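Working notes for the structure below.
The values are calculated or read from the model by the stated rules, or taken from the named source; none is laboratory data. Please read these numbers as outputs of a predicted model, since none were measured by experiment. Glycine gets a Cβ as well: all are built from the backbone with ideal geometry, and neighbour counts include every protein chain shown. Accessible surface areas use protein heavy atoms only, side chains included; no ligands, DNA or RNA. Shrake-Rupley method; radii C 1.70, N 1.55, O 1.52, S 1.80 Å.
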Amino acid sequence: MRKSGCVQIDFGVESGNQRILDEIIGKKTNITQITEAFALAKKHKIRTLANFMLGFPTETYQELKDTERIADFIDADVYIFSIATPLPGTRLYEMVNEDINPSEYSSLDWNGSELTERLNKSGIKNLCGERLRLQRKYLFNSLVKSIFSLENYFFFLKRTYKFKRLSFIFRLFYKCLKQGFFVKPDKKS
């Protein structure tokens, strides 16, 4: 894949806890496969993006800490943390077991909202705050690796224009500013 031009693989890790992966998500993967996949990508110098979801029904704070530990261990180049969002017609929606008024759908947000907190069936208090804490924890690491990795930078430049790389960096920085990553969190969070 690297030889044919692959520079990044986005992984849907979802959780660092095997119970969540098996019983809640029904994902047919295990923690060992996750760690091996990231090690293999690193071996071949392919950038990695790790997507995680928080706040699954019955997820405990300890299981959230398992997710944080696996995030530390895999050392991805980019991390994204989202809140599990129960969309109608999905198994997750059935597990939450609450009617959502169609007019409320627009306030369902993977980054968190008042409705997200209301539908929170996990044991994680302040779910939106935990998502923001994790996103901020890994943000600087992600930016540094993404922007200043010389090896990836030169590999990328061989295949595209400098302007596109710069445009990506500005879009990423703007998105971070827009989502409030560089703002000091309230003491309420």
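Just to be sure before I move on: is Leu92 assigned to a helix (DSSP H, G or I), within 14 Å of the chain's Cα centre (by Cα) and modelled with pLDDT of 70 or more in the structure I sent? Considered against the rule, which asks whether it is assigned to a helix (DSSP H, G or I), within 14 Å of the chain's Cα centre (by Cα) and modelled with pLDDT of 70 or more, Leu92 comes out as no.
Reported count of residues in segment 16-41, each being under 16 Å from Ala71 (Cα atoms) and in contact with a strand residue (DSSP E or B) (Cβ under 7 Å, 6 or more places away or on another chain), is 5.
Residues that are among the basic types (Lys, Arg) and part of a helix (DSSP H, G or I) within segment 25-42 comprise just one, Lys42. Scanning segment 59-89 for residues that are on the phi > 0 side of the Ramachandran plot and modelled with pLDDT under 90 returns a single hit, Gly89.
Do we have Asp10 as within 25 Å of Leu139 (Cβ to Cβ) and not in a helix (DSSP H, G or I) here? Lay out the reasoning, then the answer.
On the way: within 25 Å of Leu139 (Cβ to Cβ): yes; not in a helix (DSSP H, G or I): yes.
Judged against the criteria, Asp10 is a match.
Each residue in segment 43-89 was checked for being part of a loop (DSSP other than H, G, I, E, B), touching a strand residue (DSSP E or B) at 6+ places or on another chain (Cβ under 7 Å) and open to solvent by 50 Å² or more (accessible area, probe 1.4 Å), and 0 pass. Pairing residues of segment 116-136 that are of a type in the set (Gly, Ala, Ser) with residues that are open to solvent by less than 60 Å² (accessible area, probe 1.4 Å) and in a helix (DSSP H, G or I), at Cβ distances under 9 Å and at least 6 apart in sequence or on separate chains, gives Ser122/Glu63; Ser122/Leu64; Gly123/Glu63; Gly123/Leu64.
Considering only residues that are acidic (Asp, Glu) and under 19 Å from Tyr79 (Cα atoms), look in segment 1-42 and name the one that is surrounded by the most Cβ atoms within 10 Å (Cβ to Cβ).
Taking segment 1-42 and keeping what is acidic (Asp, Glu), we get 10, 14, 22-23, 36.
The next check asks that each one be under 19 Å from Tyr79 (Cα atoms); those that pass are 10, 14, 36.
Working: Asp10: 13, Glu14: 22, Glu36: 12.
Among them, the one singled out is Glu14.
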